[in-house]
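Report on the structure given below.
The values are calculated or read from the model by the stated rules, or taken from the named source; none is laboratory data. Every value quoted in this text rests on a predicted model; they were computed, and no experiment measured them. FYI the Cβ positions are ideal-geometry reconstructions off the backbone, even for glycines, and counts take in every protein chain you see. Only protein heavy atoms, including side chains, enter the accessible area calculation; ligands, DNA and RNA are left aside. Shrake-Rupley method; radii C 1.70, N 1.55, O 1.52, S 1.80 Å.
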Amino acid sequence: MFDPDNLYVLPLAEWIQVAVRWMAVNLRPLFTTIKWPVESLLGFIQDTFHAVPYPILILLFSLFAWRAATGRIALFTALSLAFIAIIGVWYEAMTTLALIATSIILCVLIGIPTGILCARSDKAWSVIRPILDIMQTTPSFVYLVPVVMLFGVGTVPGAVAVIVVAIPPLIRFTNLGIRMVDREIVEAGIAFGATPRQLLLEVQLPLALPTILGGLNQTVLMAMVMSVIVAMIGAEGLGLVVLQGLGRLDVGRAAVGGIAIVLLAIVLDRITQAMANEQGVQRPSFLSNFVRLLRLRRTDDEEAPIAARAARRGTAVDDA
Amino acid sequence: MTERVRIENLYKIFGDSPQEAVRLLRSGKTKDELLASRYVVGLNDVSISVPAGSIFMVMGLSGSGKSTLARCINRLIEPDAGRILIDGEDVTRADAARLREIRRSRVSMVFQHFALLPHRTVAENAEFGLKMRGLPARERREKARRILEVVGLAAWENHRPAELSGGMRQRVGLARALATEADVLIMDEAFSALDPLIRNEMQDELLRLQQVLKKTILFITHDFQEAIRLGTRIAIMADGAVVQEGTAQEIVLSPNNDYVAAFTRHIDRTRVFDAASVMSPAEPIVLSGDGTVVEQRRGGLGPAYATDPEGRILGYYAPEDLDSLSETREPKALLRKDFSAVRSDAKLFEVAPLCRSQRPVAVVDENGRLCGRIEADSVLAWIGNNQTRAS
Ligand SMILES: Nc1ncnc2c1ncn2[C@@H]1O[C@H](COP(=O)(O)OP(=O)(O)O)[C@@H](O)[C@H]1O
Ligand SMILES: [Mg+2]
């Protein structure tokens, strides 16, 4: 009698089906608009990674690791990537890396401005905070459902899912970092006549940068994990290698995929963590390092000889 | 002296509807009554006037509203009622753009914990205000270098604040404030975070700079000794209101209430009072150019000073010589020269050692004219505080 199957079943599944179908039909332009930048960026990065011969890519990635982190991490990066190439999953690994890179770039472009907004307006934070809470308590697996319903299957919807999962820590840490900046230093900025924009660029962002990079590290790891999970909605890459291996009961193949994933994850974690730590001990200009890593703009060379020198070393990598 | 900063009936309330609270305060409610209705009184009807080129000290216990007052002047905190006039311009009415202009070029600030940018060099910190103002890089660096030289940090311009000691960091803070060439300087407990020795050094440095720069300084402190040392005038705050305002000597001599008296009780009076406050009338014997006695007012005991008609001291006569003075034709021959002279604004700690020798001590004004004489007894009497003198 208390068997739940005997009860009347609320037709929730049907309602959602109807609602989603309505949204998919009527809000199609919205979702195409959201998909478009993801698709273009992903396509561009993926094509680049696939087109460049792997020894050159390994060299470039190691150089980047050297500049952004340390020589040891660069060496580790080179060895890991070489190993991935040797075990025959280079192509898939580059697909995954492109997926992660795309997601992180978009996370930064969306997450940091959102975080700044939250830090500046208690009202915005009171709206966004509960959304982030829900996003972070929902198991990442569950995100696949609405993504498939609204965006379909494939690598691009996969990237959308990765972004949604990976973005909350970056927003949180940006908000936190800015709010934690020493009150007296902010007061000093205002007292010397800084506009809100000057205050943000000269005082708040540079001082919040170590915290923001800590958030970026978490975002990168979340993106790494999710980029594997989205294989279940048809995203290509290392996740798919594992999934197919398991499906065919080919344990060897699945393990190869798994090893490549672990190596890639360690490399990404080391690099981003080193970036965050490096900012903790005070080095030249936080902002110029930051900008150089995100390639938003070059530093104003006349401003500070030391900062400029550091930035120039950084841009040399970018130019290569 | 012209007035540079004038604060009129300023109120600041922390709470939901401050205007309501201001009305209550004006109708005579106390701070505690307001606290019961969840209003924290920051400033309660504060009025002060700061003359141009002076160091005006605001002194009070922690929580008495000093920082709130300091931050209202450049509106880091918005006052709820009252006016703030800088050279007659009402800062409370300035719009956002004008306010920034005032902050960039009229009023600058030095902070208790230095508030320097850790990722910027000393020079970059010093030029911060100029950068906000949009000055070209080379011009502002030049200015910053000049100021760093003035505060003695020229060699450190490319170092980061973390490499500097506390005193040096605050010099950078001072340089940043001076670089904008603002004539009003707000210093909120600027030396309170420093070790006592360094604090003294910085106080001397500030006095030295002030002789040249002649800024109008509003200096916040909780240390009465510091207030005495630096200030031309001192305002003492309690519960958001100014309870007494005046020179250090006025405040030490007649504290308005127990709160003020508590500060004055343990201070070093030899550094508050000057020769002028302890001297007695000189009653000199005036000699004309050819040595004849022009005027002899003196009736008391002790040595008698002789001056020329302009009031400059020629020497003194010992009491035993005074009788023969009327008989002699050469009054100048009896003059003794072994006396000491102090300026009327010399503090007692400088005067006291002179009293130890048996020489008489004369007091002269800034033009070297005799204006009084000092007895060792009266110095002793002034060094004891009011309570002990009464008993
Ligand atoms: N932002 C604020 N919100 C509420 N109360 C405040 C705020 N700032 C200061 N106060 C209160 O105002 C009073 C004066 O503070 P403040 O000016 O900082 O004192 P002082 O600098 O003399 O130590 C204190 O009672 C303090 O608690
Ligand atoms: Mg204070």
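Checked against the criterion of being part of a helix (DSSP H, G or I), open to solvent by 20 Å² or more (accessible area, probe 1.4 Å) and touching a Pro at 6+ places or on another chain (Cβ under 8 Å), the candidates A:Gln198, A:Gln244, A:Gln204, A:Gln218 yield just one match: A:Gln218.
Scoring B:Ser344 on the criteria (1) surrounded by 15 or more Cβ atoms within 10 Å (Cβ to Cβ); (2) without any contact (Cβ under 8 Å) to a residue 24 or more places away in the chain leaves a single failure, condition (2). Restricting attention to the stretch B:108-119, report how many residues are farther than 27 Å from B:Cys72 by Cβ and either more than 8 Å from chain A (Cβ to nearest Cβ) or open to solvent by less than 10 Å² (accessible area, probe 1.4 Å) (or both). Residues flagged as farther than 27 Å from B:Cys72 by Cβ and either more than 8 Å from chain A (Cβ to nearest Cβ) or open to solvent by less than 10 Å² (accessible area, probe 1.4 Å) (or both) within the stretch B:108-119 amount to 1.
Residue-by-condition table, conditions (1) away from ligand 2 (no atom under 16 Å from the Cβ); (2) aromatic (Phe, Trp, Tyr); (3) open to solvent by 20 Å² or more (accessible area, probe 1.4 Å):
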| residue | (1), (2), (3) |
| --- | --- |
| B:Ser47 | yes, no, yes |
| B:Ser54 | yes, no, no |
| B:Met59 | no, no, no |
| B:Asn74 | no, no, no |
| B:Ala81 | yes, no, no |
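With a requirement of 2 or more residues that are over 15 Å from B:Val272 (Cα atoms), touching a Cys at 6+ places or on another chain (Cβ under 9 Å) and not aromatic (Phe, Trp, Tyr), the strands (runs of 3 or more DSSP E) lying completely within the stretch B:339-389 that satisfy it span B:361-364. For the structure I just gave you, tell me whether B:Asn200 is closer than 22 Å to B:Gly53 by Cα, away from ligand 2 (no atom under 16 Å from the Cβ) and surrounded by fewer than 20 Cβ atoms within 10 Å (Cβ to Cβ). The answer is yes for B:Asn200.
Being of a type in the set (Phe, Trp, Tyr) and surrounded by fewer than 22 Cβ atoms within 10 Å (Cβ to Cβ), is that true of even one residue in the stretch B:144-167? Checked against the condition, which is being of a type in the set (Phe, Trp, Tyr) and surrounded by fewer than 22 Cβ atoms within 10 Å (Cβ to Cβ), the stretch B:144-167 yields at least one hit.
Is it fair to say A:Glu236 is open to solvent by 10 Å² or more (accessible area, probe 1.4 Å), within 21 Å of B:Ser108 (Cβ to Cβ) and either within 14 Å of chain B (Cβ to nearest Cβ) or under 20 Å from the mean Cα position of the chain (by Cα) (or both)? Give the derivation first.
Working: open to solvent by 10 Å² or more (accessible area, probe 1.4 Å): yes; within 21 Å of B:Ser108 (Cβ to Cβ): no; either within 14 Å of chain B (Cβ to nearest Cβ) or under 20 Å from the mean Cα position of the chain (by Cα) (or both): yes.
Answer is no for this residue.
Counting only residues that are more than 19 Å from B:Val50 (Cα to Cα) and within 16 Å of ligand 1 (Cβ to nearest atom), the stretch B:239-261 holds 3 of them. Number of residues in the stretch B:223-248 that are open to solvent by 60 Å² or more (accessible area, probe 1.4 Å) and within 14 Å of the chain's Cα centre (by Cα): the value is 5.
Has the stretch A:34-53 got at least one residue that is hydrophobic (A, V, I, L, M, F, W, C), surrounded by 10 or more Cβ atoms within 10 Å (Cβ to Cβ), in contact (Cβ under 8 Å) with a residue 24 or more places away in the chain and outside any helix (DSSP H, G or I)?
no
In this entry, A:Gly252 is excluded by the filter for residues that are out of contact with any Asp or Glu (no Cβ under 6 Å at 6 or more places or on another chain), surrounded by 22 or more Cβ atoms within 10 Å (Cβ to Cβ) and more than 30 Å from B:Leu99 (Cα to Cα).
Output yes when any residue across the stretch B:179-200 is aliphatic (A, V, I, L, M), within 14 Å of another protein chain (Cβ to nearest Cβ) and part of a helix (DSSP H, G or I), and no when none is. So far as the stretch B:179-200 goes, yes, one or more of its residues are aliphatic (A, V, I, L, M), within 14 Å of another protein chain (Cβ to nearest Cβ) and part of a helix (DSSP H, G or I). If the condition is being near ligand 1 (Cβ under 9 Å from one of its atoms), in contact with a His (Cβ under 9 Å, 6 or more places away or on another chain) and not in a helix (DSSP H, G or I), then the stretch B:46-78 contributes B:Gly60, B:Leu61, B:Ser62, B:Ser64.
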